[in-house]
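Sharing a structure below in structure tokens format, with a few things to ask.
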């Protein structure tokens, strides 16, 4: 949902979730149940606007890779093999 609004995703390092976030590029990953890491990440999001702008730019590029067109363009050659 955050990607839809070009916002960084903040997740714990649970399996399945970490595959969709590139730490410090499209969002932030913290160790599960580590409140100190989460607090630090939230502080960065609030205080370092330039870092968030960098991440927002990366999200726009990353979302393009998840588009239906890209998926189909990669799927068709695979199915034709």
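Starting from the Kirkwood Rh over alpha-carbon pairs, what translational D in µm² s⁻¹ does the stretch 3-80 have by Stokes-Einstein at 20 °C and 1.002 mPa s?
Approximately 155 µm²/s, per Stokes-Einstein.
Mind ordering 26-34, 69-77, 40-48, 11-19 by average Cβ neighbours within 10 Å, highest first?
Result, highest mean first: 26-34, 40-48, 11-19, 69-77.
Highest GNM mean-square fluctuation, the chain, Cα pairs closer than 10 Å: which of 24, 58, 36?
In this elastic network of the chain, the residue with the biggest mean-square fluctuation among 24, 58, 36 is 36.
All of the numbers you see were taken from the coordinates with simple rules; none came from a lab. If you're wondering where the values come from, they're calculated on a predicted model, not measured in any experiment. Cβ coordinates were reconstructed from backbone atoms using ideal geometry, including for glycine residues, and neighbour counts include every protein chain displayed.
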